[in-house]
Amino acid sequence: MAGRTPYGNPVPVSDLATAILDPVLRKRAGISIGLVQSWEEIAGPRLASRSRPEKIQWPRRMHEDDPFEPAVLVVACEGMAALHLQHETGEIINRVNAFLGFTAIGRIRIVQKPVTADKGRPKPTFRPLTVAEKTKLSGTVELIEDEGLRASLERLGATILGERKSKTP
């Protein structure tokens, strides 16, 4: 139970967050939270995982009598998703306009930058070395005088040997 209406009915936290965030997004980025939340349905799951709408840039009007001009939707993309998005801009513009209910978007500007919160590649795990492998590795690097270099080469050798599959008889 996140909150209650005056009548005592519970309200989901997402509704409260949307009510708070939507005006901020509209003011700062000219975009509604509904568009951001519906991006997967608009762009499709393949593109939505590698892109996100950033903001809508509305053209300046000098006078209120000036004719309406559609805005530019700025979309952040990663790598190859930018190329896929570029090929599908016409369809995405039509879907965004259908979502908004009028011809609000005239073109899309693609900005390449990281979109997903990628933690980087997971560190590989290596198998433990056998006693024979450790002995052979120590014997290989034992004549190196510099202790730091010897330790580095021993770690490198352990990593290389640890990547290989052990030979089972």
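Rundown of residues vs (1) at pLDDT below 90; (2) exposed (fewer than 12 other Cβ atoms within 10 Å of the Cβ), yes/no style:
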residue: Ala104; (1), (2): yes, no
residue: Arg109; (1), (2): no, no
residue: Lys113; (1), (2): yes, yes
residue: Gly120; (1), (2): yes, yes
residue: Leu129; (1), (2): yes, no
residue: Lys136; (1), (2): no, no
residue: Leu143; (1), (2): yes, yes
residue: Ala158; (1), (2): yes, no
residue: Lys165; (1), (2): yes, yes
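With (1) over 30 Å from Gln37 (Cβ atoms); (2) surrounded by 10 or more Cβ atoms within 10 Å (Cβ to Cβ); (3) at pLDDT below 90 as the list, and Gly148 as the residue in question, which single condition is left unmet?
Every condition holds for Gly148 apart from (2).
Filtering segment 66-81 down to residues that are over 18 Å from the mean Cα position of the chain (by Cα) and assigned to a loop (DSSP other than H, G, I, E, B), which residue is modelled with the highest pLDDT?
Pro70
Looking at segment 119-131, is at least one residue in contact (Cβ under 8 Å) with a residue 40 or more places away in the chain and not charged (D, E, K, R)?
no
Residue pairs, Cβ under 8 Å, 6 or more apart or interchain, first in segment 61-72 and under 18 Å from Asn94 (Cβ atoms), second surrounded by 11 or more Cβ atoms within 10 Å (Cβ to Cβ) and among the aliphatic types (A, V, I, L, M). List them.
Pro70/Ala104; Pro70/Ile105; Ala71/Ile56; Ala71/Ala104; Ala71/Ile105; Val72/Ile56; Val72/Ile105; Val72/Ile108
Could you please let me know if Ala104 is touching a helix residue (DSSP H, G or I) at 6+ places or on another chain (Cβ under 7 Å), in contact (Cβ under 8 Å) with a residue 40 or more places away in the chain, among the small types (Gly, Ala, Ser) and within 15 Å of Leu35 (Cβ to Cβ)?
So Ala104 fits the description; yes.
The values are calculated or read from the model by the stated rules, or taken from the named source; none is laboratory data. In this text the structure is predicted, and so the values were computed from the model without any measurement. Glycine also receives a Cβ, built like all others from the backbone with ideal geometry; neighbour counts cover every protein chain displayed.
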